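Q: Mind having a look at this structure? Questions to follow.
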Amino acid sequence: MLNRIWVVAGMSLFLAGCGIAPNDGGVPVGSGTDAPGSLYKSFDSGKTFAPKVTVNEKLRITSADILSWAIVPQDPQTMYIGTMDDGMFRSKDGAEHWEKMDFPPEKIYGIAIDLSDPRRIFATGVYGGVGKIYRTEDAGENWKEVYVEPGPGTVISSLAMHPANSRILYAATDKGGVMKSADGGAQWKNIYEADGPVTRILLGTKIPESVSLLVFQSAVLSSLDGGVTWMEKAAEVAEGNQETITLTSPVSLNFDPNMPSILYAGTSADGLLRSPDFGLTWYPLPIIESAKRYPIRAVAVSQDNPNEIVLSSGSVFYRSTDGGLSWSVTELGTDRGVSMILYEPGNSAILYFGLRKFK
């Protein structure tokens with residue numbers, strides 16, 4: 001039986017981390033000055049961004065690598081971020097201020113919030129060199145192990161919760177193992193073995209048993225029955241006059257929130273691709289050609305307008321409101337990569353993005 005422990009830690013240990021620095025102010029992104037910080041927010045659909053990094057009057061989040069970000073749907077002012085080496089932070093005022101949480105693990109690649117009870121949260125992490133999954137019932141005051149890897153060297157690289165049944169969880173590792181729990185993390189079973197790190201798990205709200213996996217730099221795989229069976233790649237066909245393209249180097253993945261069968265994959269060599277059928281066929285979108293020179297590590301689609309697509313390539317943020325035919329451009333003014341882009345639930349004018357260093 002899995003050994004379960006309660007994890008409680010003091011805050012002073014983490015405030016000396018390399019991602020935390022004295023609060024010396026900042027400037028908006030796009031101003032021509034490299035604005036310090038790891039977290040940014042836009043109030044105008046991505047035309048401008050400003051850093052949101054304040055912990056308190058003396059400390060700010062500067063160079064922390066952001067690995068995960070979860071917003072409470074019932075209260076979008078409350079959100080959580082997970083980092084590579086600096087632990088977990090929470091904001092209760094829409095990212096204006098952050099508080100360091102008592103969560104010792106590092107490499108927090110996944111955070112999942114119970115839609116029926118926002119105090120119940122699952123998070124991944126590496127503690128003592130071992131990959132684990134934790135659960136809290138009191139919004140992070142106490143944490144309990146619900147899964148642990150048998151030895152060091154494996155990271156829980158993604159985590160997702162069923163949109164209609166919070167007892168169902170999916171998790172995957174950087175070694176390719178994909179697991180599922182049907183009882184809130186008490187028991188787990190393997191449902192797939194991928195040939196590379198699984199860095200994204202998508203569960204479609206409109207089709208709750210649909211599961212899509214991003215196998216980093218390799219493939220996108222989907223299941224329509226909760227991981228019991230997995231869809232085979234279809235024969236490539238033309239959509240109108242547009243030819244399909246083989247997906248070979250995906251580094252990011254997202255879907256249309258209202259139509260989870262429509263997937264968008266950012267790649268390291270072929271720009272942005274769209275699939276209308278859970279990844280069976282892919283079609284290139286006409287993004288600006290120079291954007292293809294850099295990996296597209298973050299992409300998102302508005303919940304209010306399926307033709308509004310946003311992505312990051314290099315140090316630039318791109319936004320399309322016509323399904324990818326044309327793009328507006330915002331300079332981000334940073335030399336680090338964008339690890340994720342999120343829309344605020346219920347308000348597509350508000351966007352967030354996080355930064356991290358990529359090898």
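Q: Being crowded, with 23+ Cβ neighbours inside 10 Å and closer than 19 Å to Leu159 by Cα is the requirement here; does Tyr80 meet it?
A: On the way: crowded, with 23+ Cβ neighbours inside 10 Å: yes; closer than 19 Å to Leu159 by Cα: yes.
Against the criterion (crowded, with 23+ Cβ neighbours inside 10 Å and closer than 19 Å to Leu159 by Cα), Tyr80 qualifies.
Q: Go through segment 74-90 and count every residue that is charged (D, E, K, R) and in contact (Cβ under 8 Å) with a residue 60 or more places away in the chain.
A: Counting residues in segment 74-90 that are charged (D, E, K, R) and in contact (Cβ under 8 Å) with a residue 60 or more places away in the chain gives 2.
Q: Then there is this: Give just the number: which of (1) closer than 23 Å to Ser181 by Cβ; (2) crowded, with 24+ Cβ neighbours inside 10 Å does Pro73 not satisfy?
A: (2)
Q: Looking for whichever is surrounded by fewer than 21 Cβ atoms within 10 Å (Cβ to Cβ), modelled with pLDDT under 95 and not small (Gly, Ala, Ser) here; the options are Glu193, Glu209. Which one fits?
A: Numbers: Glu193 fails: modelled with pLDDT under 95.
After applying the criteria, what remains is Glu209.
Q: I'd like to check something: does segment 101-113 contain any residue that is part of a loop (DSSP other than H, G, I, E, B), closer than 21 Å to Lys58 by Cα and not charged (D, E, K, R)? Quick ask: steps written out before the conclusion?
A: Narrowing segment 101-113 to residues part of a loop (DSSP other than H, G, I, E, B): 101-105, 107-110.
Subsequent filtering for residues that are closer than 21 Å to Lys58 by Cα retains 101-102.
Narrowing the set further to residues that are not charged (D, E, K, R) leaves 101.
Yes, because at least one residue in segment 101-113 is part of a loop (DSSP other than H, G, I, E, B), closer than 21 Å to Lys58 by Cα and not charged (D, E, K, R).
Q: Sort out which residues of segment 55-98 are within 24 Å of Ser116 (Cα to Cα) and not in a loop (DSSP other than H, G, I, E, B), and write them in order of number.
A: Ser68, Trp69, Ala70, Ile71, Met79, Tyr80, Ile81, Gly82, Met88, Phe89, Arg90, Ser91
Q: Determine whether Pro286 is outside any strand (DSSP E or B) and farther than 24 Å from Leu224 by Cβ. Steps first, answer last, please.
A: On the way: outside any strand (DSSP E or B): yes; farther than 24 Å from Leu224 by Cβ: yes.
Taking the combined requirement at face value, the residue satisfies it.
Q: Right, here's the next one. Hey, can you tell me all the residues within segment 91-126 that are more than 12 Å from Leu67 (Cβ to Cβ), without any contact (Cβ under 8 Å) to a residue 60 or more places away in the chain and within 16 Å of the chain's Cα centre (by Cα)?
A: Those that are more than 12 Å from Leu67 (Cβ to Cβ), without any contact (Cβ under 8 Å) to a residue 60 or more places away in the chain and within 16 Å of the chain's Cα centre (by Cα): Ala112, Ile113, Ile121.
Q: Check off (1) modelled with pLDDT under 95; (2) closer than 16 Å to Pro51 by Cβ for Lys359 and give me the number that stays unchecked.
A: If we test Lys359 against (1) modelled with pLDDT under 95; (2) closer than 16 Å to Pro51 by Cβ, just (2) comes out false.
Q: Please indicate, with yes or no, whether at least one residue in segment 309-322 is part of a loop (DSSP other than H, G, I, E, B) and either in contact with a Lys or Arg (Cβ under 6 Å, 6 or more places away or on another chain) or touching a residue at least 40 places away in the same chain (Cβ under 8 Å) (or both).
A: Step one: of segment 309-322, the residues part of a loop (DSSP other than H, G, I, E, B) are 314-315, 321-322.
Still in the running and either in contact with a Lys or Arg (Cβ under 6 Å, 6 or more places away or on another chain) or touching a residue at least 40 places away in the same chain (Cβ under 8 Å) (or both): none.
No, segment 309-322 contains no residue that is part of a loop (DSSP other than H, G, I, E, B) and either in contact with a Lys or Arg (Cβ under 6 Å, 6 or more places away or on another chain) or touching a residue at least 40 places away in the same chain (Cβ under 8 Å) (or both).
Q: Please determine, by comparing only the residues of segment 326-338 that are within 20 Å of Leu253 (Cα to Cα) and at pLDDT 95 or above, which one is surrounded by the fewest Cβ atoms within 10 Å (Cβ to Cβ). Give the derivation first.
A: We begin by selecting, within segment 326-338, every residue within 20 Å of Leu253 (Cα to Cα); these are 327, 336-338.
Now drop any that are not at pLDDT 95 or above, which leaves 327, 338.
Values: Trp327: 20, Val338: 26.
Out of the qualifying residues, it is Trp327.
Q: Hey, can you tell me all the residues within segment 126-182 that are in contact with an Asp or Glu (Cβ under 7 Å, 6 or more places away or on another chain) and of a type in the set (Phe, Trp, Tyr)?
A: Tyr134
Q: I would also like to ask the following. List every residue pair whose Cβ atoms lie under 7 Å apart, where the two residues are 6 or more positions apart in sequence or sit on different chains, the first residue falls within segment 284-305 and is among the acidic types (Asp, Glu), and the second residue, located anywhere, is at pLDDT 95 or above and in a loop (DSSP other than H, G, I, E, B).
A: Qualifying pairs under 7 Å: none.
Q: If you check Val228, Val237, which single one turns out to be modelled with pLDDT under 90 and not in a strand (DSSP E or B)?
A: Values: Val228 fails: modelled with pLDDT under 90.
Checking each option against the conditions leaves just Val237.
Q: May I pose another question? Given the residues Leu332, Leu280, which is the only one that is on the phi < 0 side of the Ramachandran plot and more than 21 Å from the chain's Cα centre (by Cα)? Reasoning before the result, please.
A: Working: Leu332 fails: more than 21 Å from the chain's Cα centre (by Cα).
Selected residue: Leu280, the only one of Leu332, Leu280 that is on the phi < 0 side of the Ramachandran plot and more than 21 Å from the chain's Cα centre (by Cα).
Q: For segment 133-153, how many residues are crowded, with 17+ Cβ neighbours inside 10 Å and assigned to a loop (DSSP other than H, G, I, E, B)?
A: 3
The values are calculated or read from the model by the stated rules, or taken from the named source; none is laboratory data. None of the values given here were measured: they were computed from a predicted structure. Neighbour counts are summed over all protein chains in view; Cβ atoms, including those assigned to glycine, are modelled from backbone coordinates with ideal geometry.
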